[in-house]
Amino acid sequence: MLDALDPEVRHVVEPLNLPSFSAEGLLQIRSAPPIEFPEPEGIERRDHVIDELSGLRAQSYRPRDVTGELPCVIYLHGGGYILGSHVITAPEALSQILTFPCVYFSIDYRLAPETPYPGPLEDCYEGLRWLVNHADDLGVDRAAIGVRGASAGAGLAACLSLLVRERAELSLSFQVLECPMLDDTQTTRSSQLEGLPIWSKESNEFGWRSYLGSLYGSDSIPVTAAAARATDLRDLPPTYLCVGGVDGFRDEVIEYALKLSDAGVPTDLRVYAGAPHGLHLAAGSRLAVQWTRDLDEWLAHQLKVDARR
């Protein structure tokens, strides 16, 4: 599949030669230092304890010199449900805090396989509840809270929106789903492609097995565990989805966007030819810049602010 990559992106991705994820290598991969990006000046970062008993934590980020209530983006990191951290290092997310401006609230949800479904999703829901209850202290506009996720984080974001609708005690204004991990059945054509860079079909199976635990492979998967299983998507918030053409999630993202649109949900979909999963690894490439620009434009409209770029 490397031949299908945009040449500029392939130049970055091919040397990485990332292995498929497995139980044997998971601890070693987790112990590797994260990719570091410089944090822009002008951002105030605060640490929060959501639940002392469980140890659930979060971090909030906001422009240092902006006062008053701001719209808020709940940020759910990627990592296949098995990896990742709530400490935001993605440069496009950090820059958006100053660009719009807005508050980002990143939740340190627990990881599988140690904590399978529904633990990570309940962490996200509890984080949303805590955010709403502490909105005054954080300078957040309760009426302008949305969720954004990447990969498994986007899968959680989609399921969080479904859970919020189901429980009807909180609300979300929008959802941004970047290359979301939605379909545990792994039956689409793109999910079965061989040689996918960054996130292979073998890694995808391991991620879903880890997250679903004893539910994996059964007919008892709730829609809040794998959003692609949902048949009724009415009354969900406006949604932005984006995915690469060389991503195993391509087909499930397109199908989910069609179901959202058919349900009357305002839906925007972008498919980037030649882009793999984890396009941010090729930061600065033409495709990565376009990905960020398109998302910024949509998000600025949802937040009802003028981007400062």
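Rounded, prolate or oblate: pick one for region 130-222, where a ≥ b ≥ c are the square roots of the eigenvalues of its C-alpha gyration tensor, a/c under 1.5 means rounded, and failing that, prolate if a/b is larger than b/c, else oblate.
prolate
Given the DSSP H assignment, sum -39500 (n - 2.57) over each helix run of at least 4 residues in the chain and divide by its residue total; what's the result at 222 nm in deg cm²/dmol, nearest 500?
-10000 deg cm²/dmol
Putting +1 on Lys and Arg Cβ atoms and -1 on Asp and Glu Cβ atoms, find which of 215, 180, 198 reaches farthest to the positive end of the dipole of the chain.
The one lying farthest along the dipole's positive direction is 180.
Determine the dipole magnitude for region 37-117: charges of +1 sit on the beta-carbon of Lys and Arg, -1 on that of Asp and Glu, nothing else is charged, the reference point is the Cα centre, and the result goes in debye to the nearest 20.
Rounded to the nearest 20 debye, it is 60 debye.
Determine how many Å³ per residue the convex hull of the Cα atoms of region 76-177 encloses.
94
For residue 9, what is the net charge nearby, where nearby means another residue's Cβ is under 14 Å from its Cβ and Lys, Arg count +1, Asp, Glu -1?
Counting the neighbours of residue 9, the net charge comes to -3.
Based on the mean of other Cβ atoms within 10 Å per residue, sort peptides 24-30, 259-265, 243-249 so the most packed one is first.
Going from most to least packed, we get 243-249, 259-265, 24-30.
Can you list the residues, at least 5 places off or on another chain, whose amide H is less than 5 Å from the amide H of residue 272, using H built in the peptide plane?
Counting only residues 5 or more places away or on other chains, the set is 243, 244, 245.
Mind checking region 170-234 for GluC sites (Glu not before Pro) that DSSP puts in a loop (not H, G, I, E or B) and that have at most 13 other Cβ atoms within 10 Å?
194
I need the shape label for region 1-71. Rule: rounded when a/c is under 1.5, else prolate if a/b > b/c, else oblate, with a, b, c from the alpha carbon gyration tensor.
oblate
Which whole-number percent is the relative contact order of the chain (Cα, under 8 Å, 6+ apart)?
Normalised by residue count, the contact order of the chain is 20 percent.
If you average the alpha carbon positions of region 46-105 and of region 129-199, how far apart do those two centres end up, in angstrom?
That distance is 14 Å.
Got the relative contact order for region 40-189 handy, in percent, Cα pairs under 8 Å and 6 or more residues apart?
The value is 25 percent.
Could you work out the relative contact order of region 169-309, using alpha carbon pairs under 8 angstrom and six or more residues apart, expressed as a whole percent?
Answer for region 169-309 is 28 percent.
Take the Cα atoms of region 154-309, build their convex hull, and give its volume per residue in Å³.
Taking the convex hull of the Cα positions in region 154-309, it is 117 Å³ per residue.
Answer rounded, prolate or oblate for the chain, using the Cα gyration tensor with square roots of eigenvalues a ≥ b ≥ c: rounded when a/c is under 1.5, else prolate when a/b is larger than b/c, else oblate.
Rounded shape, in that the Cα axes give a/c under 1.5.
Rule-based calculations on the coordinates, nothing more; no lab input. None of these values were measured; they are calculated from a predicted model. Heads up, the Cβs are rebuilt from the backbone with ideal geometry, glycines too, and the neighbour counts pull from every protein chain shown.
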